[in-house]
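Q: Quick one: the structure is below, questions incoming.
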Amino acid sequence: MELDNKIYEATQFLVARCDGAVSEDAVGFNKYDAIIGHSLSKVPFEKWTVKQVSLMYRVLCKYKKQLANGGIDYAGIKCPVIQESTVSGNHRYVILDKQGKNKIFRILFHYDPELVNMVRVLPQRRWNSVDKYWSVPVQFETIEPVLKFSLSNNFELADDLLDEISKLSD
């Protein structure tokens with residue numbers, strides 16, 4: 001499947017102007033989108049997965065005006081169509097779930113001692129020994145570390161999780 005490299009160009013455009021949301025200047029990404037944009041911008045586009053391209057496409061939607069000011073037409077960027085076969089090989093997911101009244105990040109992956117050690121440094125993480133998954137409460141202070149962990153280790157992020165992060169960052 002051929003992916004539209006305009007997504008990469010648009011990402012690079014915003015990354016070049018973004019200070020990581022240090023200042024509120026309506027330039028570049030917001031705080032959580034900055035984590036996604038800056039992380040992916042360091043990876044050559046040909047190594048991006050279809051899921052990562054789709055994620056960035058969704059993120060870029062919020063920045064149509066900035067992109068237009070830079071001569072990039074968001075409407076002209078093709079959204080990748082994700083087919084089940086493109087994600088079946090990856091067994092690393094972060095999904096949004098509920099635990100009682102609270103929302104959690106549920107972190108799912110096949111056992112890997114290196115990943116386990118990385119999860120253990122996430123704030124407020126818990127191991128569910130019955131259902132065999134890690135969880136982290138969805139809170140302002142946990143979003144950034146979970147995003148960084150997920151992106152740096154090729155985890156797929158559920159769409160509803162991205163929507164929740166967007167609500168918290170707006």
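The values are calculated or read from the model by the stated rules, or taken from the named source; none is laboratory data. Since the model is a prediction, treat every value here as computed from it, not as a measurement. In this analysis, Cβ positions are derived from the backbone assuming ideal geometry, glycine residues included, and neighbour counts consider all displayed protein chains. Surface accessibility is based on the protein's heavy atoms, side chains included, excluding ligands, DNA and RNA. Shrake-Rupley method; radii C 1.70, N 1.55, O 1.52, S 1.80 Å.
Q: Which of VAL130, VAL146, VAL22 ends up with the largest GNM mean-square fluctuation for the chain, with Cα atoms connected below 10 Å?
A: The residue that fluctuates most here is VAL130.
Q: Shifting gears a bit: Go through TYR111, SER152, PHE45 and say which Cα lies farthest out towards the positive end of the charge dipole of the chain; charges sit on Cβ, +1 for Lys and Arg, -1 for Asp and Glu.
A: Among TYR111, SER152, PHE45, the one farthest towards the positive end of the dipole of the chain is TYR111.
Q: What range in the chain is the longest one free of GluC sites (Glu not before Pro) that are in a loop by DSSP and have at most 11 other Cβ atoms within 10 angstrom?
A: 25-170
Q: Specify the angular offset, from 0 to 90 degrees and rounded to the nearest 10, of the alpha carbon long axis of helix 31-41 from the longest principal axis of the alpha carbons in the chain.
A: Around 80 degrees separate the two axes.
Q: Under unit Cβ charges (Lys, Arg +1; Asp, Glu -1), what dipole magnitude, rounded to 20 debye, does the chain have relative to its Cα centre?
A: 320 debye
Q: Return a whole-number percent for the relative contact order of the range 5-88, with Cα pairs under 8 Å and 6 or more residues apart as the contact set.
A: Once normalised by length, the contact order is 30 percent.
Q: Moving on to the next point. Please report, as a whole percent, how much of the solvent-accessible surface of the chain comes from carbon and sulfur atoms (probe radius 1.4 Å).
A: Carbon and sulfur: 51 percent of the exposed surface of the chain.
Q: Size of the dipole of the range 114-153 about the Cα centre, Lys and Arg at +1 and Asp and Glu at -1 on the beta carbon, nothing else charged, in debye to 20?
A: Dipole size: approximately 100 debye.
Q: Here is a further query. Can you tally the net charge around PHE109? Count Lys and Arg as +1, Asp and Glu as -1, for every other residue whose Cβ sits under 12 Å from the Cβ of PHE109.
A: 0
Q: While we're on this one: Using the heavy atoms of the protein chains and a 1.4 angstrom probe, tell me the accessible area per residue for the chain in square angstrom.
A: That works out to 57 Å² for each residue.
Q: For THR11, what charge total do you get from the other residues with a beta carbon under 11 Å from its beta carbon, if Lys and Arg give +1 and Asp and Glu give -1?
A: 0
Q: At a threshold of 8 angstrom on Cα-Cα distance, excluding pairs fewer than six apart, so keeping six or more, what relative contact order does the chain reach in percent?
A: Worked out over the chain, it gives 22 percent.
Q: Running a GNM on the chain with Cα contacts under 10 Å, which residue among GLN66, GLN52, GLN124 ends up with the highest mean-square fluctuation?
A: Its mean-square fluctuation being the largest, the pick is GLN124.
Q: Could you order ARG126, ARG106 so the one with the most accessible surface comes first? Probe is 1.4 Å.
A: Result, largest first: ARG126, ARG106.
Q: What whole-number distance in Å separates the alpha-carbon centres of the range 9-54 and the range 57-80?
A: For the range 9-54 versus the range 57-80, the Cα centre distance is 12 Å.
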